[in-house]
């Protein structure tokens, strides 16, 4: 138990720290690499995408596939919409709200069907995808999209793995991770 008293705060601080990363230049590193690194350049994206995986692990069953798949699919639709000129209001506030809401869903272990969970995360995914599209720069549409979709899947899988590992000790650690995520989102809003 003493180790947990050190590990949990350290993990929360590590997730709350904003990495000092610049976007990768597609001309130098390729469009896929630029897309893949993009979600890792913002703590808001990382927290939300890991939280999707955490919540999927809490829901269990089919939701462990359908919830993250819905996020990735709708995120790609938001990306395409951005690329084709779709105007979407309140993109950044919705992304920040997604961190808080997804964290609360994990913290509360809100039980919903896989379809309802997919619809809920899909709403927020639309805004995440739109933001990725608005920051594409000179990258190739398909390669950049494939890159950030792959990174999103990695973050979802990390959340599922963490949820399953924490879940071996009961729901408390998963719920704490959700609460820390929601708190991180509030700190991003305040900051």
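Pairs of Cα atoms nearer than 8 Å and 6+ residues apart set the relative contact order; for segment 42-190 it is 44 percent. Estimated from the Cβ-Cβ distance and a Förster radius of 45 angstrom, the FRET efficiency linking residue 138 and residue 165 is about 0.70. Computed from label points 7 Å out along Cα-Cβ, the spacing between residue 113 and residue 186 is 3.3 nm.
Readers should treat all values here as calculations from the given coordinates under stated rules, not as data from a laboratory. Predicted model only: the values in this text are computed from it and were never measured. Ideal geometry is used to build each Cβ from the backbone, glycine not excepted, and the neighbour counts take in all protein chains shown.
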